[in-house]
Amino acid sequence: MTGDAPNGASIESLAAQLTLEEKIAMVHGGANFATAPVPRLSIPGLEMSDGPHGVREEMGRSEWRPEGRTDDYVTYLPAGINLASTWNRELAAEYGRVLGREARGRGKDVILGPGINIHRTPLCGRNFEYYGEDPYLAAELVVGEIRGIQSQGVAACVKHFVANNQEHERHTIDVEMDERALREIYLPGFEAAVCRAGALAIMGAYNKLRGQHCCHNDRLLNRVLKDEWGFRGVVISDWNGTHDTREAACKGLDIEMGTFLGQARFDEYYMAQPLLAAIKRGDLPEDVLSDKVRRILRVMAALDMTGLRPAGDRPAGAINLPEHQQTALRVAEESIVLLKNTGGMLPFELGEIRSLAVIGANATRKHAHGGGSSTIKALYEVTPLEGIINRAGRQVRVTYARGYSDDSPAGDLIPQAVEAAASADAVVILGGLNHDRGADCEGADRPDMRLPHGQDELIGAVVRANPRTVVVLIGGGPVELGEWHARTPGLVQMGYAGMEAGNALARVLFGDTSPSGKLTFSWPRALADSPAHRSERTYPGVDGVVRYEEGVMVGYRHFDTSGIAPAYCFGHGLSYTTFEYGPLGLQSGPAGSGSVTAEVSVTNTGNRPGAEVVQFYVADHEASVPRPAKELKEFQKTYLQPGETAMVVVELDRRAFAFYDPARRGWVVEPGRFTVSANASSRDIRAQAMIDL
Ligand code: GLC
């Protein structure tokens, strides 16, 4: 973050010129998605926009509705869950560059993303926007994405800080969790975003943490974020997440946005007239504004915003470039997770199937416009059916049957689908969820993990009619797998794969590319197996309080430590080829460094090119506190031709072996024996070795 620049004067001198009223104007929204400018000193407003996987359509400045323009169609990138499922750091950076460039192209200074809240419950309506259940994976990918965004002269606004892990009562729920869970699970992604990627903005979450709203929370924002981590950017409230003038002024909020007063009366925001009046009455010192204003000017300087300097080298931005669409396709392809492929049914060989039945409402449904604030007006969206026809329509007779309806009674859709399946060589069922409220949508959680709209019955009947069936699930998290699952040879999880979803799916189904996606969440056999669902207290909460009693045992940390087998585990994903690992070598780093070098060879032992994500897990056998059976602490994605071998070498730093000790208020490595394993998934251990630290 540079501290120099605007108008050649320092930020200090510029701040000193501001009147009290001008300072007040800078710390709250002057429009739905912007702060007001200070024309007298040529300070521009900050123009903001959602969302994490594309720039939202232009919203009214004061009316809360889209303006209905024709120039705000944009690139619709795969959702956060898809980006994470690629386990590809470089691709995360490319994704960020596209998002940042499109935000600039639409004249934005702040993009309200990425969203990196941890998947604590499979039911959270916004899991599709986030990266999954593991803090290390989230940290590694968010760093690349934020650097990519900010390289385009746009501030990333990483969200929602912190522990916005459910939509149920999201504006008021009070999260109670122990310090180790906060430090080891819920903070690391944000810590990396701030301390490693230099995020210029961070969005306070709606919920409370330990009794205080996250948008003005002294310990979280002043103590941890600004003092301990040295954050020098701005804390922006979630929209309508501010609840009190004095709290907002004194407990770490820098910009109040979206306070909902019915008709948007920006002057009545908590940090508008009420704060001005409190300062004038002497109830609050004018100095409460100084740090806020300096932070805002610092962000503007870091973005080289023209209002502050002679036109610098701030990138111009652009929307809808072909290379942006290529990135969307690449992320989509690498995000598709092949969960099951019995008998190597996939990929379909075009030469040997002549007819293909495509079944399901999700074969033709578009998803860009749904999901809540992450809504996008996509320039186009290729559906799975379109993608399959694009790819194979000339060689294969493709038929379509709706199979189930996500918006009307089923009628005789199932018999029609069964007939289509019976008369085709192979079948692809597109099922799962969508962005309807109560599914993958902001503002509500899913009621359960079941597949909606009678899909279990449909899939069961279709697989009986034609066993050569692959089920492709669209959705942001796991669903209960019905009795059909054991009888179905192919199962694919494809998230919400963006504007090129259909083409990406077709390229995987017909073998143009091997799938390389890996699950970033555990797939419980039943909701009751999930660690968050042991009682009402732990989810959705009782009397406005939700208690994270599982502590650090989230996701695979829970399943592996308590010996409960999920249907599919964190890190699982098949390829069309196979990989063999050599022995794992461990080498202690320089004395006192606490680091360990791990190396393992990986060979593509099949006859197709493929990419393997080698995952390194650490287990601490002798700890004074309960530690998970294993924890992901490194990963490398490696592309290998048939027969090719690569040597994967990673550095496990001290933190990889540490746990957070609340008593010592820091990370501690206790001497003793550790096991490091090189895995193809959290449960598929390919090589392991022990080391004494
Ligand atoms: C929403 C979301 C947040 C979004 C903001 C602006 O309620 O929680 O993610 O960026 O408001 O739309």
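Being open to solvent by less than 10 Å² (accessible area, probe 1.4 Å) and either within 23 Å of the chain's Cα centre (by Cα) or within 24 Å of ARG665 (Cβ to Cβ) (or both) narrows it down to one residue among VAL235, VAL194; which is it?
It is VAL235.
So that you can scan it fast, the table gives a plain yes or no per residue for (1) in contact with a Leu (Cβ under 6 Å, 6 or more places away or on another chain); (2) under 25 Å from ASP72 (Cβ atoms); (3) touching a residue at least 40 places away in the same chain (Cβ under 8 Å):
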position: ARG294; (1), (2), (3): no, no, yes
position: MET300; (1), (2), (3): yes, yes, yes
position: LEU329; (1), (2), (3): no, yes, yes
position: GLY343; (1), (2), (3): no, no, yes
position: LEU356; (1), (2), (3): no, no, yes
position: ALA361; (1), (2), (3): no, no, yes
position: SER373; (1), (2), (3): no, yes, yes
position: LEU379; (1), (2), (3): no, yes, yes
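Among what's in region 35-65 and is more than 23 Å from the chain's Cα centre (by Cα) and within 12 Å of the ligand (Cβ to nearest atom), pick the residue that is modelled with the highest pLDDT.
Once the filter is applied, the top-ranked residue is MET59.
Go through ARG170, ARG180 for me and flag whichever is in contact (Cβ under 8 Å) with a residue 40 or more places away in the chain and surrounded by 22 or more Cβ atoms within 10 Å (Cβ to Cβ). Full working, then the answer.
Details: ARG180 fails: surrounded by 22 or more Cβ atoms within 10 Å (Cβ to Cβ).
Only one candidate qualifies: ARG170.
Among (1) part of a loop (DSSP other than H, G, I, E, B); (2) away from the ligand (no atom under 16 Å from the Cβ); (3) buried (at least 24 other Cβ atoms within 10 Å of the Cβ), which single condition is GLY68 missing?
(3)
When only residues in region 210-222 that are open to solvent by 10 Å² or more (accessible area, probe 1.4 Å) and out of contact with any Lys or Arg (no Cβ under 8 Å at 6 or more places or on another chain) count, which is nearest to GLU442 (Cα to Cα)?
Looking at the filtered set, the residue picked out is HIS213.
In this structure, does VAL175 turn out to be away from the ligand (no atom under 15 Å from the Cβ) and open to solvent by less than 10 Å² (accessible area, probe 1.4 Å)? So that I can check it myself, show each step before the final result.
On the way: away from the ligand (no atom under 15 Å from the Cβ): yes; open to solvent by less than 10 Å² (accessible area, probe 1.4 Å): yes.
Answer is yes for this residue.
Could you please let me know if ALA92 is open to solvent by less than 10 Å² (accessible area, probe 1.4 Å), touching an Asp or Glu at 6+ places or on another chain (Cβ under 7 Å) and either within 16 Å of the ligand (Cβ to nearest atom) or modelled with pLDDT of 95 or more (or both)? Quick ask: steps written out before the conclusion?
Numbers: open to solvent by less than 10 Å² (accessible area, probe 1.4 Å): yes; touching an Asp or Glu at 6+ places or on another chain (Cβ under 7 Å): yes; either within 16 Å of the ligand (Cβ to nearest atom) or modelled with pLDDT of 95 or more (or both): yes.
It is true that ALA92 is open to solvent by less than 10 Å² (accessible area, probe 1.4 Å), touching an Asp or Glu at 6+ places or on another chain (Cβ under 7 Å) and either within 16 Å of the ligand (Cβ to nearest atom) or modelled with pLDDT of 95 or more (or both).
Can you pull out every residue in region 225-284 that is within 16 Å of the ligand (Cβ to nearest atom) and at positive phi?
Passing the criteria: ASN240, GLY258.
Which pairs have Cβ atoms under 6 Å, sit 6 or more apart or on different chains, and link a residue in region 237-261 that is free of Cβ contacts under 8 Å to residues at least 12 places away in the same chain and part of a loop (DSSP other than H, G, I, E, B) to one that is away from the ligand (no atom under 16 Å from the Cβ) and open to solvent by 10 Å² or more (accessible area, probe 1.4 Å)?
LEU261/GLU268
Any residue that is touching a Pro at 6+ places or on another chain (Cβ under 7 Å), open to solvent by less than 40 Å² (accessible area, probe 1.4 Å), within 17 Å of ASP445 (Cα to Cα) and assigned to a loop (DSSP other than H, G, I, E, B) - is there at least one of those in region 559-566?
Looking through region 559-566, none of the residues is touching a Pro at 6+ places or on another chain (Cβ under 7 Å), open to solvent by less than 40 Å² (accessible area, probe 1.4 Å), within 17 Å of ASP445 (Cα to Cα) and assigned to a loop (DSSP other than H, G, I, E, B).
The values are calculated or read from the model by the stated rules, or taken from the named source; none is laboratory data. This is a predicted model, so every value here is computed, not measured. Neighbour counts run over all protein chains shown; Cβ positions are idealised from the backbone, glycine included. Protein only, heavy atoms only, side chains kept; ligands, DNA and RNA dropped before computing areas. Shrake-Rupley method; radii C 1.70, N 1.55, O 1.52, S 1.80 Å.
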